[in-house]
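The values are calculated or read from the model by the stated rules, or taken from the named source; none is laboratory data. Keep in mind it's a predicted model, so treat the numbers as computed, not measured. Positions of Cβ are backbone-derived with ideal geometry, glycine not excepted, and every protein chain shown enters the neighbour counts.
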Amino acid sequence: MGRHFGDLARVRHIITYSLSPFEQRAFPNYFAKGIPNVWRRFTSSFFKIAPPMALVYLTYSWGNSVHEQGKRKNPADFENDK
């Protein structure tokens, strides 16, 4: 009576391999290759990301300081008031 859900399509010329979960190693070469790879990727992208981010931060902080200075009242305008 029909096909099972996993056998809905017949695909030819594709070979799949699988390992039992009991035969796999969860973290192979984690300390030997994983951590140096993370460090290499971090240092390679740091100089691409950090300068624009620093420029954006400096522009933002400069804009905020100019805005705060613009909101202040000038004391010389109120010298003759009583």
In the stretch 1-15, the residues that are modelled with pLDDT of 75 or more and either surrounded by 10 or more Cβ atoms within 10 Å (Cβ to Cβ) or on the phi > 0 side of the Ramachandran plot (or both)
His13
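May I ask you to say which residue of Ala32, Ala50 is assigned to a helix (DSSP H, G or I), at pLDDT 95 or above and not aromatic (Phe, Trp, Tyr)? Spell out how you get there, then give the answer.
On the way: Ala32 fails: at pLDDT 95 or above.
Of the residues listed, the single one that is assigned to a helix (DSSP H, G or I), at pLDDT 95 or above and not aromatic (Phe, Trp, Tyr) is Ala50.
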